[in-house]
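Student: Got a structure for you, questions after.
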Amino acid sequence: MTSLLLFAASGRPATSYRGLAYERTGSGPGVVLLHCLGGDRTVWDEEAPRLARTHTVLNVELPGHGQSSAPARVDFAEIANQVTQLIRNQRLAPAVVIGHSIGGTLAAWTPVADSGAVKAVLIVDSSIAALPWPQNALDDLRKSLTANYVAGLRSFYAPIADGPAQIERLISTARHVPRETLLAYLEFAVHNSVVKDLGKINVPVEMISSSLSFQTSNHKKELAEAGYDGLKDLSSEEMSGTKHWVYWDQPQRYASLVDAFLRRVEAAGERRPSTR
């Protein structure tokens with residue numbers, strides 16, 4: 001049996017497909033949501049129901065997060081393959097994959113894993129290049145999380161979250177992620193990237209950025225440094241005045257950008273044969 005009914009801490013039922021927990025809601029074209037590092041499907045509690053009014057939403061919990069089983073090792077190519085297999089299993093191919101932070105990085109791997117399963121990719125405030133962290137930064141984070149996991153998480157999230165309420169919301173889910181799993185995601189992101197396979201990404205990609213993403217006025221250069229140079233169909237939008245969780249900071253503005261992107265890719269999809 002490949003599916004199993006689970007109950008998340010939220011009390012809402014989740015289904016597991018080959019170890020990947022997800023919640024399916026709504027009806028219509030497929031949209032897949034991939035959350036941030038340390039999060040779970042509840043980070044989309046405001047956005048998922050809104051999308052489900054017009055789409056079939058698969059709100060996925062990454063391996064080692066929420067109700068998804070912890071992986072023996074973290075490999076973004078393998079996780080992307082799990083996600084595209086789920087899309088196929090749910091008969092939603094091709095779907096739009098939306099990912100935030102590490103989930104956005106992973107979203108870029110999905111059309112490489114299975115181009116026919118993915119209609120478009122929307123990346124929220126994330127690089128797709130290798131994470132530019134020196135090894136000593138990873139070592140320091142490991143020491144901090146080992147000494148006191150919750151305090152270490154608080155220090156990790158504080159610079160990019162918008163205030164104490166967001167930090168505590170993030171800690172409430174991240175504290176349940178095994179320390180070594182969380183660190184393994186970062187280790188993989190530092191030493192690997194999808195950039196070498198950009199030629200295989202033949203779908204529209206949009207990056208919605210926070211005010212933290214750009215440090216200069218030369219956004220084109222910074223997007224290139226983040227790995228986006230070379231994509232065949234790239235668009236970008238900046239949400240000024242936001243921190244990393246842009247959909248919490250400015251939900252209406254975020255929703256309008258997502259909806260505009262979905263309308264564009266769905267209009268284009270009507271002119272192409274389905275690969276379901």
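Student: With a Förster radius of 22 Å, plug the Cβ-Cβ distance of residue 91 and residue 266 into 1/(1 + (r/R0)^6) and report the FRET value to the nearest 0.05.
Tutor: Working: r = 17 Å, r/R0 = 0.78.
Working from the Cβ atoms, E equals 0.80.
Student: In square nanometres and to one decimal, what's the mean projected area of the convex hull around the Cα atoms of the stretch 203-243? Could the numbers behind the result be given before it?
Tutor: Working: hull surface 11.4 nm².
Averaging across all directions leaves 2.8 nm² for the Cα convex hull.
Student: Only Cα pairs under 8 Å and at least 6 apart count here; give the relative contact order of the stretch 7-156 as a rounded whole percent.
Tutor: Working: 272 pairs, mean separation 30.7, N = 150.
Once normalised by length, the contact order is 20 percent.
Student: For the stretch 136-232, how many pairs of lysine residues have a Cα-Cα distance under 28 Å, where the two are 8 or more positions apart or belong to different chains? Write down the numbers at each step before the final one.
Tutor: Numbers: 196/220; 196/221; 196/232; 200/220; 200/221; 200/232; 220/232; 221/232.
Eligible lysine pairs with Cα atoms under 28 Å apart amount to 8.
Student: Let me have the relative contact order for the chain, percent, based on Cα pairs under 8 Å that are six or more residues apart.
Tutor: In percent, rounded to a whole number, it is 18.
Student: Separate question: Report, largest value first, the span of the C-alpha coordinates of the chain along each principal axis, in whole Å.
Tutor: 54, 49, 34
Student: Pull out the extension gain between residue 150 and residue 197, defined as 0.36 nm times the separation in residues minus the alpha carbon to alpha carbon distance; nm, one decimal.
Tutor: That works out to 13.3 nm of additional length.
Student: Have a look at the stretch 70-123 and give its Rg and Dmax from the Cα atoms, expressed in angstrom.
Tutor: Reported Rg and Dmax, both Å: 10.4, 30.
Student: Another one. Mind checking the full-extension length gain between residue 180 and residue 162? Use 0.36 nm per residue of separation minus the Cα-Cα distance, one decimal, nm. Mind dumping the intermediate values first?
Tutor: Details: separation 18, 0.36 × 18 = 6.48 nm, distance 2.61 nm.
Separation in residues times 0.36 nm, less the Cα-Cα distance, equals 3.9 nm.
Student: Any idea how far apart residue 143 and residue 45 come out in nm if each label point goes 7 Å out from Cα toward Cβ?
Tutor: Inter-label distance under the simple model: 3.6 nm.
Student: Considering only DSSP beta bridges whose two residues both sit in the stretch 16-101, what percent are antiparallel, to the nearest 5?
Tutor: The antiparallel fraction comes to roughly 45 percent.
Student: Using only the Cα atoms of the stretch 164-208, build the gyration tensor, take square roots of its eigenvalues as a ≥ b ≥ c, and label the shape rounded, prolate or oblate: rounded if a/c is under 1.5, else prolate if a/b is larger than b/c, else oblate.
Tutor: oblate
Student: Here's a follow-up. What is the stretch 81-195's relative contact order, in percent, from Cα pairs under 8 angstrom and six or more apart in sequence?
Tutor: Result for the stretch 81-195 is 24 percent.
Student: Could I ask something else about it? Please state the shape class of the stretch 168-265: rounded when a/c is under 1.5, otherwise prolate if a/b exceeds b/c and oblate if not, all from the C-alpha gyration tensor.
Tutor: oblate
Student: Please list, ordered by chain and number, the residues whose modelled amide H lies under 5 Å from the amide H of residue 238; skip anything fewer than 5 residues away on the same chain.
Tutor: The list, which skips near neighbours in sequence, is 209.
Student: Using a ≥ b ≥ c from the Cα gyration tensor of the stretch 6-84 (square roots of the eigenvalues), is it rounded, prolate or oblate, where a/c under 1.5 gives rounded and otherwise the larger of a/b and b/c decides, a/b for prolate? All intermediate terms of the calculation are to be shown ahead of the outcome.
Tutor: On the way: a/c = 1.88, a/b = 1.46, b/c = 1.29.
Because a/c hits 1.5 or more and a/b exceeds b/c, the stretch 6-84 counts as prolate.
Any read-out appearing in this document is the output of simple, stated calculations on the displayed coordinates, not a laboratory observation. Every value quoted in this text rests on a predicted model; they were computed, and no experiment measured them. Positions of Cβ are generated from backbone atoms using ideal geometry, with glycine treated the same way; all protein chains shown enter the neighbour counts.
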